[in-house]
Ligand code: LMR
């Protein structure tokens, strides 16, 4: 019966990690997946997380089923982190948050929900976008188009192209936006550009679906929430997927949230009831441990403060690596101007490497990057930076 099953290609991002792990060369660097490594290249176990776990262990609790929509204290804290705890959407009962299996789980629950209730809508994602965006929305049954985003010549944003395209979309179109630290390019609109984008979304009656996987990796927790809060201030429907995988270094715990902004408390109740059905028929209810950690940190002021400091350290280390990579490439005599890497935000840089150059980096040097040229800057550290810079220089020069 399974004879017709075709072999699927490797996942463009997680498949690289599989390849990397199977690579027996001793000198190898994984710049593929978006994971933060510390200055020793290790995945950090944050102090705030360890302290929260110690507190949880001190009062062990049985592991019953969670509510379908997740732990209330977690949902409340996740919502407050996005909007600010006194936001009108919260106080007026216009924000619905459910716990999800990471940011991907939030996108999936959001996509399934929208497909059921807005079956006529199409989805547009940025060109380019995170590889899984298209796949998730197509799997949910949507037609997925793109809007102009990245301008390869300037290594910046094609803002006019983006706005013009958004202005041409039919009302009800679902527009997937990256709140900050755009994946894969690292190029974000300025606050003024966001104002204009939000105005177009509102006047055209589009539905913004804002993906926020990197809160705290751009300019700070509050600064990075500005986009979400801008849209939330419009009083329109907004969908937000958020994730604690990166900001808490809790990748494997799958802790995320889906937040829908509605126009009334009554609409919220109806939306929540349907989200619960969507969750129940996907995985019944979410797991306990990761959300207990995040909830303990966010609801304990001294742990929340410690976490914010640790997050700032991660953010600053990535910035430092950006600067060092750019100066090392220049010192190695590479003619291309890589200064754009400095203004990109978050874990990634759209490096401008061609697919052939990416293949050479992998084959000749054991350096893995996504085929589009996306490199994960947060995987650079003092031990591998010289090797990466020299290898990139060689690929550019020969
Ligand atoms: C990435 O883009 O590398 C991360 O978001 C990890 C993933 O799931 O693809």
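Using Cα springs under 10 Å in a Gaussian network model of the chain, which residue among 268, 291, 242 shows the largest mean-square fluctuation?
268
At 222 nm, what helix-only mean residue ellipticity would the chain give, in deg cm²/dmol to the nearest 500, using -39500 (n - 2.57) for each DSSP H run of four or more?
-14000 deg cm²/dmol
What full-extension length gain, to one decimal in nm, is calculated for residue 26 and residue 168 as 0.36 nm per residue of separation minus the Cα-Cα distance?
Value of the extension gain: 45.9 nm.
Can you give the Rg and Dmax of the chain based on its C-alpha atoms, in angstrom?
Rg and Dmax of the chain, Cα atoms, are 21.1, 64 Å.
At 0.36 nm per residue, and after removing the present C-alpha to C-alpha distance, how many nm does the segment from residue 91 to residue 222 gain when stretched out fully?
Once the chain is fully extended between residue 91 and residue 222, it gains 45.3 nm.
With the chain treated as a Gaussian network of Cα nodes joined by springs under 10 Å, which of 97, 281, 300 yields the largest mean-square fluctuation?
In the Gaussian network model the winner is 281.
If the range 63-299 were replaced by its equivalent ellipsoid, with semi-axes equal to the square roots of 5 times the Cα gyration tensor eigenvalues, what would those be, largest first, whole Å?
The equivalent ellipsoid of the range 63-299 has semi-axes of 27, 19, 17 Å.
Using only Cα atoms, locate the centre of the range 3-36 and the centre of the range 137-165, then give the distance between them in Å, rounded to an integer.
26 Å
So for the pair residue 42, residue 390, with labels modelled 7 Å out along Cα→Cβ, what separation do we get in nm?
Simple spin-label model gives 2.6 nm for this pair.
Can you give the angle from 0 to 90° between the axis of helix 289-298 and the longest principal axis of the chain, with both taken from C-alpha atoms, to the nearest 10?
Taking the Cα atoms of the chain, the angle to 289-298 is about 90 degrees.
Report the residue, chosen from 61, 254, 134, that carries the largest GNM mean-square fluctuation when the chain is represented by alpha-carbon nodes joined by springs under 10 Å.
Of 61, 254, 134, the Gaussian network model singles out 61 as fluctuating most.
At what distance in nm do the modelled label points of residue 305 and residue 152 sit from each other, each positioned 7 Å from its Cα along Cα→Cβ?
Rounded to a tenth, the inter-label distance reads 5.0 nm.
Assuming 1.306 mPa s and 10 °C, estimate D for the range 1-113 with Stokes-Einstein, Rh taken as the Kirkwood radius over Cα pairs, in µm²/s.
Using the Kirkwood radius from Cα pairs, D works out to 84 µm²/s.
Please list, in order, the residues from the range 56-98 whose amide nitrogen is less than 20 Å from a point placed 7 Å along the Cα→Cβ vector of residue 263.
Only 88-97 fall inside the zone, counting backbone N under 20 Å.
Specify the angular offset, from 0 to 90 degrees and rounded to the nearest 10, of the alpha carbon long axis of helix 265-280 from the longest principal axis of the alpha carbons in the chain.
Roughly 60 degrees, rounded to the nearest 10.
Would you calculate the separation in nanometres between label points at residue 312 and residue 55, each defined as 7 Å from the Cα along the Cα-to-beta-carbon direction?
2.0 nm
In degrees from 0 to 90, rounded to the nearest 10, what is the angle of the helix 355-365 Cα long axis to the longest principal axis of the chain?
70 degrees
Mind giving me the FRET efficiency for residue 202 and residue 337? R0 is 30 Å, r the Cβ-Cβ distance, nearest 0.05 is fine.
With R0 = 30 Å, the Cβ-Cβ based efficiency is 0.20.
Once all Cα-Cα distances of the range 182-251 are split into 5 Å bins that start at 0, what whole-number percent is in each one?
Per 5 Å bin, starting at 0, the Cα pair percentages come out as 3, 15, 26, 27, 17, 9, 3, 1.
Each reported figure results from applying straightforward, stated rules to the coordinates on display, with no laboratory input. Predicted model, so just to flag it, every value in this text is computed and none were measured. Here the Cβ is made from the backbone with ideal geometry for all residues, glycine too, and neighbour counts use every protein chain on show.
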